[in-house]
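In what follows, a structure is listed as structure tokens, so that the remarks can point back to it.
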Amino acid sequence: MMKLMIAVAATLTLAATPALAQTKPVLGPNGFGGLKLGMPLTRAKATGTITKKIDGGADGCSGWDLKKYPTGKDDVGLYISPKLGVAAFFAPKAAKTPEGVAIGTSTSQLKKIYPHLKQDAHGFWVTTVPGNKKAYYSFTVLHGKVKEYGMALKKQDCFN
């Protein structure tokens, strides 16, 4: 009986491992990967999880990447404002929102998940982040699917 229990426990452990490895990191409602919206630059740097890509100068926002999720040459993973701290995150391909939206989610599913979703003047689909009234999600949709998305403070001062 003991050998059977050990074999079953080992099988359950091995079967659970791939599922755990496939868990997507979550963007929202307050941050991503140990970083929080509004976190000052000094605290964000102290996490050891980011690397600078764009110097914002004395008054501008700086662009950063999460070391675990590097972006392409002309992209950043987040912006940090000198006044507001972490102002915006751009979701890596591996991420999802707490509600389950990820790159590739259909527009119809996106609208079901976020019933208050509205299209802004730039063509992005935006909604307040559930659980964080100070932030919004912005989704780029192409050919009926989410192509990219991010989360930012409603009062961010890094981009239009």
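Structural remarks
- Residue match in the range 143-160 (condition: out of contact with any Pro (no Cβ under 9 Å at 6 or more places or on another chain), closer than 18 Å to Phe89 by Cα, modelled with pLDDT under 95 and open to solvent by 100 Å² or more (accessible area, probe 1.4 Å)): yes
- For Lys147, the criteria (1) among the charged types (D, E, K, R); (2) closer than 30 Å to Ala46 by Cβ; (3) within 17 Å of the chain's Cα centre (by Cα) hold in every case but one, which is (2).
- Among (1) under 13 Å from Gly28 (Cβ atoms); (2) surrounded by 11 or more Cβ atoms within 10 Å (Cβ to Cβ) - the single one Lys133 does not satisfy: (2)
- Taking residues in the range 119-139 that are over 17 Å from Lys155 (Cα atoms) and of a type in the set (Phe, Trp, Tyr), and partners anywhere that are open to solvent by 50 Å² or more (accessible area, probe 1.4 Å) and assigned to a strand (DSSP E or B), the pairs with Cβ atoms closer than 6 Å and at least 6 places apart or on different chains are Trp125/Gln119.
- Residue in the range 107-118 that is open to solvent by 20 Å² or more (accessible area, probe 1.4 Å), β-branched (Val, Ile, Thr) and either touching a strand residue (DSSP E or B) at 6+ places or on another chain (Cβ under 9 Å) or touching a residue at least 12 places away in the same chain (Cβ under 8 Å) (or both) present: yes
The values are calculated or read from the model by the stated rules, or taken from the named source; none is laboratory data. Just so it is clear, the model here is predicted, and its values are computed rather than measured. Glycine gets a Cβ as well: all are built from the backbone with ideal geometry, and neighbour counts include every protein chain shown. We work out accessible area using only protein heavy atoms, side chains counted, and drop any ligands, DNA or RNA first. Shrake-Rupley method; radii C 1.70, N 1.55, O 1.52, S 1.80 Å.
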